[in-house]
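Each remark here refers to the structure printed beneath this line.
Read-outs: derived from the displayed coordinates by stated rules, not from any lab. Source: prediction; values computed, not measured. Here the Cβ positions follow ideal geometry from the backbone for every residue, glycine too, while neighbour counts run over all protein chains shown.
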Amino acid sequence: MKHKIAPSLLSADFLDLRKEVEMVNRSEADWLHLDVMDGVFVPNISFGFPVMEALKEICEKPMDVHLMIVEPQKFIREVAASGAYLMNVHYEACTHLNRTVAAIKDAGMKAGVTLNPHTPVCLLEDIIQDVDMVLLMSVNPGFGAQRFIEHSVEKTVRLREMIERKGLHTLIELDGGVNEQTGRRLLDAGADVLVAGNYVFKASDPIEAIRKLKAL
Ligand code: DX5
Ligand code: ZN
């Protein structure tokens, strides 16, 4: 399967979101990645459901929603109503992850589980069979344009091994510090989906930046 590219809107021009989403629509991007932050789980606040609902009207790509919030299980209905194709919750934010994953699927979405850089992939041993995707953070969540954490490459290899050993088809998504160089290495390590914020939206030609990541 050819890998997927999910530009992260966090690095877009918030004064002109329509133009940015229309650029993504015209590009080779597979998904649009949306980062929701609450100022509690991460030390930053981004945007929430009203913004996503507005974007839903013009976004032609499936919406890959990354919730960096505490108690994400409280908002499954709202996330579904705001047009999400895939809902990613953090492992560190979910006490009853099995129940939350089931509820996300019952709401008609794909379910993703996200790991912070310090959370080992072995903790997924008894949940991975139930999830559609694992999102590995290759920066500490909360901000765009941070430095790539090198250890993420080795972590991707270990997650790929777990998925192969169990005979599963779970997707592996990487998020943080992705560019042509780190992206190539992550794909070689076993990643299926690359999120890219700064690399895409701060490029002089974002459509070309997406094309380059897609061509890796
Ligand atoms: C970070 C977010 C990322 C962020 C990535 O908390 O989850 O999606 O937008 O940005 P870059 O690609 O600039 O590291
Ligand atoms: Zn993200």
Next on the checklist: Can you go through Leu174, Leu168, Leu159 and tell me which one is within 16 Å of ligand 1 (Cβ to nearest atom) and out of contact with any Phe, Trp or Tyr (no Cβ under 6 Å at 6 or more places or on another chain)?
Outcome noted: Leu174
Item to check | Single unsatisfied condition, Thr95 versus (1) farther than 22 Å from Asp132 by Cβ; (2) among the polar types (S, T, N, Q); (3) free of Cβ contacts under 8 Å to residues at least 24 places away in the same chain | outcome: (1)
Next on the checklist: Condition first: acidic (Asp, Glu), touching a residue at least 24 places away in the same chain (Cβ under 8 Å) and away from ligand 1 (no atom under 13 Å from the Cβ). Now tell me which residues in region 39-91 satisfy that.
Outcome noted: Glu53, Glu60, Glu78
